[in-house]
Amino acid sequence: MDDIRIVLGSLRYKTSTNTDLSIPTPLVQNTKILQEFDRSIDVNLVQLFDDERQKSTTFRPTCKFQLLYNNTYTGTTNYVPLENNLYYINETQLTLLQCNAKPEDVMWQGFPQYHEFDFIRSDYNVSGYTQPPLNHINFVSKSASTYNWNFFMSYPYRNSYNKVLQYYSGSTSIKWVVSDGIPFFIKSNDTFINGSRVIQFVCPVKHGLSVSEFAKIKIYVGATVKTEGTFQVFELGNGMPGMDEYVFNIYDIGYSATTFVNGYNGTFKRIINNENPTDTTSKYYVLQHKLLTNVNDYVLVNAGFEQNIFGGKKKFESPAYTPNRVKRVSIKEGAQSYTLSFNKDINVNELRDNQKRPISDLYVTTVWKGYFGLTFGSKNSQGQYVGLKQGYEFNLPLSSIGFPSSWWESTNTLSNFVDGNNQPYPLNTLIPATPTSYVFNYMESLKEGDIVDGGFYEWNDYEQKERLISDISHKFTFNSNVFDISITDNNNNQMGYYYKPHNKMKIRTFSDYIESGDINTINNVPDYAYFSTTYGSFIWRDIYTYGFKDSNKNGVDYPFLNGKHYPYENFIFRIIPEGTNYIESSLNKYATLYGAAQPINDDCE
């Protein structure tokens, strides 16, 4: 309205009269006062994404498994559904034998097919085994990925310091509580290194010591401590390649003949600085995992058409050479890879690891279930069926007579697969679709909140670092009443298969440097920092942010979408027949004793 001019009527021209005028005023606004508020701030999408990423504590893990399995053990059976579905050997001789005897008197021999160990069973339509008539079970396709194996997410929950372990070497053994440290045998007769007389200690695992560090040693005679003291490490190894990690030596200053007796055994703890043993003495324990998921929380599928490099092994079974005169294709070994994902969010916000720190690792925990009941036929001294067994790398070598070590005996309660209260996880009994007198057992599925044992570890407060000493393995054996492999030690200690149940998935990384400071002078000291009473200060390792990697490539950089992290790992899962791994070679004494193969020397060496 700025261009409107109002003029009195009598002033417009001579005869004009004055009149009342009204001007309508419209309520129209075409200007606005600019207010300097948040709408004028630039939004940095990169920074916003990173802020959300760093605050998020929710994970959806995914991984790929390559299953490597060597089908090794042949056996015999008279259980008809299984007998009709073996991968046969000597079928020509057995067919001829069947012509001259009653068919039920002939024990057909062969390998159990690959389906019995596969991650996802595909024998859903086998007449007489998974489908009527006279079938073993009524196959449910939805359960194909849970019949043989169960998968869980777990995290390092707590340390067990009172686990009892045992190591066998020939006719002798060492039994010790894990908190006492690492076991050893003494070799002290005329041992010299570079002209110096030394006392030599041989360990079944990597000792973790360095020259000039200290070993707090206990030597036992029976259950009595004979020698106890702290000694400086003079040298490592015994002159053989690769033995520095398994043998350490102390300088013999002229100890009495009864101080270090050849062949005696004991345990030691590592001390970095003997002037500060409180902070620098290592702790030893078995790590225990707590399950975060249930059986129904995972999805397992084939990884497309991907197969491992070894391929599969199949053969055509002619109807003339099968007990039921039915033709089919038998599978001895497969090569399929698998993708495992979880349909449950894993929120680690309130979780702390076994050292009371924020969670930095999750684990994919795999447990043999054996629902079809071809395993778990051994009994303990009370006549009860025994489930999974567990042991460590030093328990894997065969005995001097070619059988599993005594650790694996069904009567040994120390090797049972146990829960957080040290009680064996229970077995269930399968009721076959076709009634039979055979007894079939399988492991009851674990559930969220259950606790399972992990590896044997060392932790040092001064270094703020955890070291895996020996990884845990699970072992299962065949039910000899159903499938007899005829390789047994008094029917209490069969040959079997073992596997490593825990596969690590790193979700955060602790720094490779150590921070230290006084809580009164330094801000943001984390609540997991260790307080050194000797130095009067806190020490800790920082946690790297998501997406950051240091010069040594330590760190994680997983995809982040819709407020969740999506970590991914590739795993190789081995089902290893007992007695075939290189560290168990009965032909190589160094491999058997130390876990490291002796190199092959030519004639010049």
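The values are calculated or read from the model by the stated rules, or taken from the named source; none is laboratory data. From a predicted model like this one, the values you see are computed outputs, not experimental measurements. Backbone-built Cβ (ideal geometry, glycine too); neighbour counts: all protein chains shown. These accessible areas exclude ligands, DNA and RNA; they are computed on the full protein's heavy atoms, side chains included. Shrake-Rupley method; radii C 1.70, N 1.55, O 1.52, S 1.80 Å.
So Thr259 fits all but one of (1) β-branched (Val, Ile, Thr); (2) open to solvent by less than 60 Å² (accessible area, probe 1.4 Å); (3) at pLDDT 95 or above; what number is the exception?
Unmet for Thr259, out of (1) β-branched (Val, Ile, Thr); (2) open to solvent by less than 60 Å² (accessible area, probe 1.4 Å); (3) at pLDDT 95 or above: (3).
State all residues of region 546-570 that are open to solvent by 30 Å² or more (accessible area, probe 1.4 Å), part of a loop (DSSP other than H, G, I, E, B) and over 28 Å from Asn343 (Cβ atoms); if no residue qualifies, say none. Outline the logic, then answer.
Of all residues in region 546-570, those open to solvent by 30 Å² or more (accessible area, probe 1.4 Å) come to 547-549, 551-554, 557-559, 561-564, 566, 568-570.
Then keep just the ones that are part of a loop (DSSP other than H, G, I, E, B); that gives 547-548, 551-554, 557-559, 562-563, 566.
Residues satisfying the conditions are Phe548, Ser551, Asn552, Lys553, Asn554.
Condition first: touching a helix residue (DSSP H, G or I) at 6+ places or on another chain (Cβ under 7 Å), buried (at least 20 other Cβ atoms within 10 Å of the Cβ) and part of a loop (DSSP other than H, G, I, E, B). Now tell me which residues in region 464-496 satisfy that.
Selection gives Val482, Phe483, Asn493.
Filter region 287-317 for residues that are at pLDDT 95 or above, open to solvent by 30 Å² or more (accessible area, probe 1.4 Å) and not charged (D, E, K, R) and give the result.
Asn294, Asn296, Val299, Val301, Asn302, Phe316
Would you mind telling me which numbered condition in (1) closer than 12 Å to Tyr168 by Cβ; (2) touching an Asp or Glu at 6+ places or on another chain (Cβ under 9 Å); (3) buried (at least 22 other Cβ atoms within 10 Å of the Cβ) Gly391 fails?
Among (1) closer than 12 Å to Tyr168 by Cβ; (2) touching an Asp or Glu at 6+ places or on another chain (Cβ under 9 Å); (3) buried (at least 22 other Cβ atoms within 10 Å of the Cβ), Gly391 violates only (2).
Residues to consider are Arg5, Arg60; find the one that is closer than 30 Å to Ile346 by Cα, of a type outside the set (Phe, Trp, Tyr) and out of contact with any helix residue (DSSP H, G or I) (no Cβ under 8 Å at 6 or more places or on another chain). Step through it out loud before you land on a result.
On the way: Arg5 fails: closer than 30 Å to Ile346 by Cα.
Only one candidate qualifies: Arg60.
For Ile309, all conditions in the list (1) closer than 28 Å to Leu68 by Cα; (2) in a strand (DSSP E or B) hold save one; what is the number of the exception?
With (1) closer than 28 Å to Leu68 by Cα; (2) in a strand (DSSP E or B) applied to Ile309, the lone miss is (2).
Answer with yes or no whether Tyr425 is crowded, with 21+ Cβ neighbours inside 10 Å, touching a strand residue (DSSP E or B) at 6+ places or on another chain (Cβ under 9 Å) and not small (Gly, Ala, Ser).
Numbers: crowded, with 21+ Cβ neighbours inside 10 Å: no; touching a strand residue (DSSP E or B) at 6+ places or on another chain (Cβ under 9 Å): yes; not small (Gly, Ala, Ser): yes.
No.
Just to be sure before I move on: is Asn78 more than 32 Å from the chain's Cα centre (by Cα) and open to solvent by 30 Å² or more (accessible area, probe 1.4 Å) in the structure I sent?
Numbers: more than 32 Å from the chain's Cα centre (by Cα): yes; open to solvent by 30 Å² or more (accessible area, probe 1.4 Å): yes.
Criteria met by Asn78.
Quick check on my filter: what residues within region 125-134 are open to solvent by 10 Å² or more (accessible area, probe 1.4 Å) and assigned to a loop (DSSP other than H, G, I, E, B)?
Just the residues of region 125-134 that are open to solvent by 10 Å² or more (accessible area, probe 1.4 Å), to begin with: 125-128, 131-134.
The answer is Asn125, Val126, Gly128, Pro132, Pro133, Leu134.
Restricting attention to region 502-510, does a residue exist that is touching a helix residue (DSSP H, G or I) at 6+ places or on another chain (Cβ under 8 Å) and touching a residue at least 60 places away in the same chain (Cβ under 8 Å)?
Applying the first criterion (touching a helix residue (DSSP H, G or I) at 6+ places or on another chain (Cβ under 8 Å)) to region 502-510 yields none.
Looking through region 502-510, none of the residues is touching a helix residue (DSSP H, G or I) at 6+ places or on another chain (Cβ under 8 Å) and touching a residue at least 60 places away in the same chain (Cβ under 8 Å).
Is it the case that Lys216 is open to solvent by 70 Å² or more (accessible area, probe 1.4 Å) and in contact with an Asp or Glu (Cβ under 9 Å, 6 or more places away or on another chain)?
Working: open to solvent by 70 Å² or more (accessible area, probe 1.4 Å): yes; in contact with an Asp or Glu (Cβ under 9 Å, 6 or more places away or on another chain): yes.
Yes, satisfied.
Filter region 144-181 down to residues that are closer than 30 Å to Lys369 by Cα, at pLDDT 95 or above, touching a Ser or Thr at 6+ places or on another chain (Cβ under 6 Å) and open to solvent by 40 Å² or more (accessible area, probe 1.4 Å), then give me how many there are.
1
When residues of region 392-421 are filtered for being under 22 Å from Ile182 (Cβ atoms) and free of Cβ contacts under 8 Å to residues at least 24 places away in the same chain, how many remain?
Number satisfying all stated conditions: 1.
List pairs: first in region 193-220 and over 15 Å from Glu245 (Cα atoms), second of a type in the set (Gly, Ala, Ser) and in a loop (DSSP other than H, G, I, E, B), Cβ under 7 Å, 6+ apart or cross-chain?
Final answer for the pair search is Ile199/Ser188.
Here are the criteria: (1) open to solvent by less than 30 Å² (accessible area, probe 1.4 Å); (2) farther than 30 Å from Pro103 by Cα; (3) in contact with a helix residue (DSSP H, G or I) (Cβ under 7 Å, 6 or more places away or on another chain). Tell me which single one Lys344 does not satisfy.
(1)
Within region 323-339, can you find the residues that are in contact with a Gly (Cβ under 9 Å, 6 or more places away or on another chain), surrounded by fewer than 18 Cβ atoms within 10 Å (Cβ to Cβ) and not in a strand (DSSP E or B)?
Of everything in region 323-339, those that are in contact with a Gly (Cβ under 9 Å, 6 or more places away or on another chain), surrounded by fewer than 18 Cβ atoms within 10 Å (Cβ to Cβ) and not in a strand (DSSP E or B) turn out to be Asn324, Val326, Ala335.
Does at least one position in region 510-527 carry a residue that is more than 20 Å from Leu82 (Cα to Cα), in contact with a Gly (Cβ under 9 Å, 6 or more places away or on another chain) and either part of a strand (DSSP E or B) or not charged (D, E, K, R) (or both)?
Of region 510-527, the ones more than 20 Å from Leu82 (Cα to Cα) are 510-527.
Applying the additional criterion that residues be in contact with a Gly (Cβ under 9 Å, 6 or more places away or on another chain) yields 518, 525.
Filter once more, keeping what is either part of a strand (DSSP E or B) or not charged (D, E, K, R) (or both): 525.
Yes, that holds for at least one residue.
Scan region 93-105 and give yes if some residue there is without any contact (Cβ under 8 Å) to a residue 40 or more places away in the chain, part of a helix (DSSP H, G or I), acidic (Asp, Glu) and open to solvent by 30 Å² or more (accessible area, probe 1.4 Å), otherwise no.
Among the residues of region 93-105, at least one is without any contact (Cβ under 8 Å) to a residue 40 or more places away in the chain, part of a helix (DSSP H, G or I), acidic (Asp, Glu) and open to solvent by 30 Å² or more (accessible area, probe 1.4 Å), which makes the answer yes.
Residues of region 101-128 being modelled with pLDDT of 90 or more and β-branched (Val, Ile, Thr), which ones?
Start the filter on region 101-128 by keeping residues that are modelled with pLDDT of 90 or more, which leaves 108-128.
Residues satisfying the conditions are Ile120, Val126.
What strands (runs of 3 or more DSSP E), lying completely within region 366-463, carry at least 3 residues that are farther than 22 Å from Phe117 by Cβ and of a type outside the set (S, T, N, Q)? Write out each step before concluding.
Values: elements: 389-392, 427-430, 440-443, 451-460.
So the answer is 451-460.
Scan region 60-92 residue by residue and report those that are among the hydroxyl-bearing types (Ser, Thr, Tyr) and either in a strand (DSSP E or B) or in contact with a Lys or Arg (Cβ under 8 Å, 6 or more places away or on another chain) (or both). Break it down into steps so the answer makes sense when it comes.
First, pick out the residues of region 60-92 that are among the hydroxyl-bearing types (Ser, Thr, Tyr): 62, 69, 72-74, 76-77, 79, 87-88, 92.
Selection gives Thr62, Tyr69, Thr76, Thr77, Tyr87, Tyr88.
Name the residue that is nearest to Tyr73 (Cα to Cα), counting only residues in region 110-124 that are touching a Leu at 6+ places or on another chain (Cβ under 8 Å) and surrounded by 20 or more Cβ atoms within 10 Å (Cβ to Cβ). Spell out the reasoning first.
If we filter region 110-124 for residues that are touching a Leu at 6+ places or on another chain (Cβ under 8 Å), which is where we start, we get 110-113, 116, 118-120.
Checking the rest, the ones that are also surrounded by 20 or more Cβ atoms within 10 Å (Cβ to Cβ) come to 110-113, 116, 118-119.
Details: Gly110: 8, Phe111: 6, Pro112: 8, Gln113: 11, Glu116: 13, Asp118: 16, Phe119: 19 Å.
Ranking the candidates gives Phe111 first.
With respect to Phe185, determine if the residue is in contact (Cβ under 8 Å) with a residue 60 or more places away in the chain, farther than 30 Å from Pro358 by Cα and open to solvent by less than 60 Å² (accessible area, probe 1.4 Å). Let's see the steps before the verdict.
Values: in contact (Cβ under 8 Å) with a residue 60 or more places away in the chain: yes; farther than 30 Å from Pro358 by Cα: yes; open to solvent by less than 60 Å² (accessible area, probe 1.4 Å): yes.
For Phe185, the condition - in contact (Cβ under 8 Å) with a residue 60 or more places away in the chain, farther than 30 Å from Pro358 by Cα and open to solvent by less than 60 Å² (accessible area, probe 1.4 Å) - is met.
Considering only region 347-369, state which residues are open to solvent by 20 Å² or more (accessible area, probe 1.4 Å) and among the polar types (S, T, N, Q).
Residues satisfying the conditions are Asn347, Asn349, Gln355.
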